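Colleague: Okay, handing you the structure first.
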Amino acid sequence: MLWARRDRLGPEFDAFLNPTAAHPPGLMLGMARAVEVVAEAVLAGRPVGIFGDYDADGVTATALLMRGLRALGAAPVAHIPHRVNDGYGLSPEGLVELHRQGAEVVISCDCGTNSVDVVAGRPAGQRMVVTDHHLPAAEIARPDALLNPHQRGDAYPFKELSGAGVAYKLIEGLAGDPRLAGRLDEDTLEDLLQLVAVGAVADVVALVDENRALVARGLRALESRPLPGLAALVEVGGIRRPLNTVAIGYQLAPRINAAGRMDDARLALDLLLAGDAEAARPLAEQLEAHNLARREATERAFEEAEAMLAADPPDDAIVLADPGWSLGLVGLIAGRLAEAHHMPAFVLNAGAEYRGSARWVHGFNVVDALASCAPQLVRYGGHEAAAGFACAPEDFAALAAGLRRFAAAARPEGGWTHHLEIDTAVSLGELTPEAVDGLELLQPFGEGNPPPLLSAHGVEIKAASAFGQGGAHLKLWFGQDERLLEAIAWGRGGLVEPYREAWRRGERMDVAFAPAIQTWDGETTVRLELQDVRRARPEAPPRP
């Protein structure tokens with residue numbers, strides 16, 4: 001596996017398997033000034049305000065700064081904007097509110113680099129430190145100190161920290177200030193890495209270099225001494241331990257995000273700041289209820305979107321708007337649609353201002369698509385795979401037409417394809433529990449280091465059945481060289497009859513899958529998590 005990923009991982013395999021990369025915070029442009037501004041406020045006993053964000057990276061970054069500053073002896077106050085009422089990023093109203101609470105110094109997290117006018121117009125006398133990881137625009141804000149590894153002139157060796165990661169570097173810098181020496185011990189710093197791990201995985205930053213090391217350390221702390229709020233969320237949500245990046249990305253982070261999607265992200269912040277299990281449990285239960293409501297609302301909206309597409313099938317891109325789709329859900333709907341139809345999706349809440357989210361397919365840049373329609377947009381921003389945007393209601397028709405034209409021109413011959421990057425081909429006989437367990441050495445998995453994706457070629461279908469509520473999921477049994485393995489395809493129960501027909505015809509298949517270990521009644525076996533299946537081709541690909 002390491003050999004298959006040699007171009008991606010570089011020559012230092014041992015360093016990859018045992019990540020320790022940690023760069024001194026002082027290498028980050030603006031760090032010395034940021035530490036000076038915050039340390040002066042802490043030593044003088046003046047309140048420090050934290051201006052956060054409502055997504056999981058922003059909330060974890062806010063909680064990290066709050067916990068770190070408390071450990072240093074400060075009494076910080078926090079402001080988390082409301083997704084619908086306030087929108088993304090720094091706002092004059094939020095800074096005024098923090099000023100009203102006595103915050104003479106404000107630290108932003110996960111936002112602020114491009115908030116030129118808001119930073120310039122902050123309350124008189126309010127000092128400001130911006131911590132952020134978003135790409136700078138041509139003109140950037142001028143606070144007292146700006147921490148963003150992407151800013152011009154920054155020599156920090158690693159650029160891909162999450163918002164929580166940049167916030168952590170500030171706390172590291174403060175902990176190393178001689179004036180604050182001894183106030184924040186190593187155990188507390190390690191505990192804060194739990195929040196870095198959640199924020200990094202939730203924001204899908206590349207888990208390489210320093211991110212890989214920080215997340216690995218955070219996972220160890222999360223397992224050995226979890227923060228009360230995270231422990232309560234794991235317990236209430238029934239999330240299996242030990243936690244890995246897949247559990248964070250698909251179970252823990254969506255629950256934290258649910259607060260901002262369905263109501264107010266302050267609930268998630270309060271949970272992450274809870275001091276003990278007694279305080280954390282009821283907050284976790286509220287968050288679990290929000291997450292259930294989020295799932296139900298997303299499913300309803302997805303079904304409505306599918307009905308629209310059935311009535312008017314798209315050719316090149318999906319562009320849909322509906323007044324009933326919550327602003328907190330449009331990104332989730334767009335992601336589901338892009339995955340289901342293998343084409344870019346643009347989904348909007350049709351309110352007084354149409355506001356939406358875009359999601360990509362491999363080979364399509366959603367920001368370039370939006371840029372091509374800039375005259376119809378009030379604002380837009382994001383990256384290749386995901387973006388947010390807004391337009392006036394009267395411009396929606398022209399925007400939709402423009403996005404479809406762009407997609408039609410960008411669509412490859414033969415249409416958009418479902419791209420899978422296979423690490424290596426194997427035989428079913430090679431997939432022993434010991435071999436699959438050895439793949440865990442590649443953890444933590446995530447962007448830049450995805451879970452291993454393998455393929456097996458010319459396997460036989462031995463049985464096919466549907467299971468779960470309403471037969472929602474598909475279970476297959478594959479055989480090869482006297483080895484029989486179970487395979488699961490979630491949400492594909494409707495395909496059971498075609499697979500039974502293929503079994504009756506004796507067809508062989510090529511399968512792409514992620515291998516997993518399962519233990520039942522004391523017996524450990526290997527199961528295949530299916531990603532794709534096709535009729536077998538004459539020759540299997542060569543091994544790397």
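The values are calculated or read from the model by the stated rules, or taken from the named source; none is laboratory data. Please read these numbers as outputs of a predicted model, since none were measured by experiment. In this analysis, Cβ positions are derived from the backbone assuming ideal geometry, glycine residues included, and neighbour counts consider all displayed protein chains. For the accessible areas, the whole protein counts, side chains as well, though only heavy atoms, and no ligand, DNA or RNA atoms are used. Shrake-Rupley method; radii C 1.70, N 1.55, O 1.52, S 1.80 Å.
Colleague: Quick test for you: out of Gly331, Gly415, pick the one residue that is under 28 Å from the mean Cα position of the chain (by Cα) and within 25 Å of Arg255 (Cα to Cα). Walk me through it before giving the result.
Modeller: Working: Gly415 fails: within 25 Å of Arg255 (Cα to Cα).
Within the list Gly331, Gly415, the selection yields Gly331.
Colleague: Give all pairs with beta carbons closer than 9 Å in which a residue from region 289-303 that is farther than 19 Å from Leu252 by Cα and without any contact (Cβ under 8 Å) to a residue 60 or more places away in the chain meets a residue that is open to solvent by less than 60 Å² (accessible area, probe 1.4 Å) and among the charged types (D, E, K, R); count only pairs at least 6 apart in sequence or on separate chains.
Modeller: Here the result reads Ala301/Asp322, each pair linking region 289-303 to a residue that is open to solvent by less than 60 Å² (accessible area, probe 1.4 Å) and among the charged types (D, E, K, R).
Colleague: In region 431-476, what residues are closer than 19 Å to Gly491 by Cβ and among the basic types (Lys, Arg)?
Modeller: Answer for region 431-476, where residues must be closer than 19 Å to Gly491 by Cβ and among the basic types (Lys, Arg): just Lys475.
Colleague: Moving to a separate point now. Report yes if Val436 is hydrophobic (A, V, I, L, M, F, W, C) and under 20 Å from Ala514 (Cβ atoms), otherwise no.
Modeller: Working: hydrophobic (A, V, I, L, M, F, W, C): yes; under 20 Å from Ala514 (Cβ atoms): yes.
The answer is yes for Val436.
Colleague: On to the next question. When residues of region 420-438 are filtered for being open to solvent by 30 Å² or more (accessible area, probe 1.4 Å) and either farther than 24 Å from Glu460 by Cα or part of a helix (DSSP H, G or I) (or both), how many remain?
Modeller: So the answer is 7.
Colleague: If you don't mind, there's one more thing I want to ask. Take Ala284 and tell me if it is open to solvent by less than 10 Å² (accessible area, probe 1.4 Å) and touching a residue at least 12 places away in the same chain (Cβ under 8 Å). Please lay out each step first, then the result.
Modeller: On the way: open to solvent by less than 10 Å² (accessible area, probe 1.4 Å): yes; touching a residue at least 12 places away in the same chain (Cβ under 8 Å): yes.
Yes, satisfied.
Colleague: Could you list, in sequence order, the residues of region 153-169 that are open to solvent by less than 40 Å² (accessible area, probe 1.4 Å) and more than 22 Å from the chain's Cα centre (by Cα)? Quick ask: steps written out before the conclusion?
Modeller: Start the filter on region 153-169 by keeping residues that are open to solvent by less than 40 Å² (accessible area, probe 1.4 Å), which leaves 154, 156, 158, 161-169.
Within region 153-169, Asp154, Tyr156 meet the criteria.
Colleague: Could you tell me how many of the residues in region 234-276 are under 20 Å from Asn85 (Cβ atoms), in a loop (DSSP other than H, G, I, E, B) and not charged (D, E, K, R)? Lay out the reasoning, then the answer.
Modeller: Taking region 234-276 and keeping what is under 20 Å from Asn85 (Cβ atoms), we get 256-270.
Cutting the leftovers down to in a loop (DSSP other than H, G, I, E, B) gives us 263-265.
Those left that are additionally not charged (D, E, K, R): 265.
Count: 1.
Colleague: Between residues in region 17-32 that are touching a residue at least 40 places away in the same chain (Cβ under 8 Å) and under 14 Å from Arg152 (Cα atoms) and residues that are assigned to a loop (DSSP other than H, G, I, E, B) and open to solvent by 60 Å² or more (accessible area, probe 1.4 Å), which pairs lie under 6 Å by C-beta distance while being six or more apart or on different chains?
Modeller: Close Cβ pairs (under 6 Å, with a partner that is assigned to a loop (DSSP other than H, G, I, E, B) and open to solvent by 60 Å² or more (accessible area, probe 1.4 Å)) amount to Leu29/Gly153.
Colleague: Still on this model: Within region 98-127, work out how many residues are without any contact (Cβ under 8 Å) to a residue 60 or more places away in the chain, in contact with a helix residue (DSSP H, G or I) (Cβ under 7 Å, 6 or more places away or on another chain) and farther than 21 Å from Gly388 by Cβ.
Modeller: Qualifying residue count, region 98-127: 5.
Colleague: With respect to Ala293, is the statement that it is out of contact with any Cys (no Cβ under 6 Å at 6 or more places or on another chain) and assigned to a helix (DSSP H, G or I) true? Let's see the steps before the verdict.
Modeller: On the way: out of contact with any Cys (no Cβ under 6 Å at 6 or more places or on another chain): yes; assigned to a helix (DSSP H, G or I): yes.
Spelling it out, Ala293 is indeed out of contact with any Cys (no Cβ under 6 Å at 6 or more places or on another chain) and assigned to a helix (DSSP H, G or I).
Colleague: Does Ala401 meet the test of being part of a helix (DSSP H, G or I) and either modelled with pLDDT of 95 or more or within 30 Å of Pro136 (Cα to Cα) (or both)? Outline the logic, then answer.
Modeller: Values: part of a helix (DSSP H, G or I): yes; either modelled with pLDDT of 95 or more or within 30 Å of Pro136 (Cα to Cα) (or both): yes.
It is true that Ala401 is part of a helix (DSSP H, G or I) and either modelled with pLDDT of 95 or more or within 30 Å of Pro136 (Cα to Cα) (or both).
Colleague: In region 488-530, what count of residues is obtained for those that are part of a strand (DSSP E or B) and of a type in the set (Asp, Glu)?
Modeller: From region 488-530, those part of a strand (DSSP E or B) are 488-489, 508-520, 523-530; that's our starting set.
Now drop any that are not of a type in the set (Asp, Glu), which leaves 510, 523, 529.
Counting residues in region 488-530 that are part of a strand (DSSP E or B) and of a type in the set (Asp, Glu) gives 3.
Colleague: Turning to a different aspect of this structure: Is it the case that region 263-276 has a residue that's among the small types (Gly, Ala, Ser) and farther than 23 Å from Gly52 by Cα?
Modeller: The answer is no; no qualifying residue exists.
Colleague: Within region 366-391, restricting attention to residues that are touching a helix residue (DSSP H, G or I) at 6+ places or on another chain (Cβ under 8 Å) and part of a loop (DSSP other than H, G, I, E, B), which residue is most open to solvent (accessible area, probe 1.4 Å)?
Modeller: This residue is His383.
Colleague: Here's a follow-up. Could you check region 371-397 and list, in sequence order, the residues that are free of Cβ contacts under 8 Å to residues at least 24 places away in the same chain and either hydrophobic (A, V, I, L, M, F, W, C) or in contact with a Lys or Arg (Cβ under 6 Å, 6 or more places away or on another chain) (or both)?
Modeller: Ala371, Ala374, Leu377, Ala397
Colleague: Looking only at region 444-469, filter to residues that are open to solvent by less than 40 Å² (accessible area, probe 1.4 Å) and part of a loop (DSSP other than H, G, I, E, B); which one of those is nearest to Asp368 (Cα to Cα)?
Modeller: Checked region 444-469; the qualifying residue nearest to Asp368 (Cα to Cα) is Gly448.
Colleague: Something else about it: Can you name every residue in region 123-152 that is surrounded by 19 or more Cβ atoms within 10 Å (Cβ to Cβ) and in contact with a His (Cβ under 8 Å, 6 or more places away or on another chain)?
Modeller: Passing the criteria: His133, Asn148, Pro149.
Colleague: Oh, and also: Of Gly448, Gly468, which residue is at pLDDT 85 or above and out of contact with any Phe, Trp or Tyr (no Cβ under 7 Å at 6 or more places or on another chain)?
Modeller: On the way: Gly448 fails: at pLDDT 85 or above.
Going through Gly448, Gly468 in turn, just one is at pLDDT 85 or above and out of contact with any Phe, Trp or Tyr (no Cβ under 7 Å at 6 or more places or on another chain): Gly468.
Colleague: Continuing with the same structure: Across region 392-415, what is the total count of residues that are open to solvent by 30 Å² or more (accessible area, probe 1.4 Å) and under 30 Å from Val511 (Cα atoms)? Quick ask: steps written out before the conclusion?
Modeller: The initial filter retains those residues of region 392-415 that are open to solvent by 30 Å² or more (accessible area, probe 1.4 Å), namely 393-398, 401, 404-406, 408-414.
Cutting the leftovers down to under 30 Å from Val511 (Cα atoms) gives us 410-414.
Residues in region 392-415 being open to solvent by 30 Å² or more (accessible area, probe 1.4 Å) and under 30 Å from Val511 (Cα atoms): 5 in total.
Colleague: Just a yes or no: is a residue in region 61-79 touching an Asp or Glu at 6+ places or on another chain (Cβ under 6 Å) and touching a residue at least 24 places away in the same chain (Cβ under 8 Å)? I'd like the intermediate steps shown before the answer.
Modeller: As a first pass, look at region 61-79 and keep what is touching an Asp or Glu at 6+ places or on another chain (Cβ under 6 Å): 61, 79.
Those still in the list that are touching a residue at least 24 places away in the same chain (Cβ under 8 Å) too: 61, 79.
Yes - at least one qualifying residue is present in region 61-79.
Colleague: Another question, if that's okay. Quick check, is Ala487 open to solvent by less than 20 Å² (accessible area, probe 1.4 Å) and touching a Phe, Trp or Tyr at 6+ places or on another chain (Cβ under 7 Å)? Working first, answer last.
Modeller: Details: open to solvent by less than 20 Å² (accessible area, probe 1.4 Å): yes; touching a Phe, Trp or Tyr at 6+ places or on another chain (Cβ under 7 Å): yes.
In short, yes.
Colleague: In addition: State whether the residues of region 115-122 include one that is of a type in the set (Lys, Arg) and loosely packed, with under 15 Cβ neighbours inside 10 Å. Walk me through it before giving the result.
Modeller: As a first pass, look at region 115-122 and keep what is of a type in the set (Lys, Arg): 122.
Okay, now just the ones that are also loosely packed, with under 15 Cβ neighbours inside 10 Å, so none.
No, because not a single residue in region 115-122 is of a type in the set (Lys, Arg) and loosely packed, with under 15 Cβ neighbours inside 10 Å.
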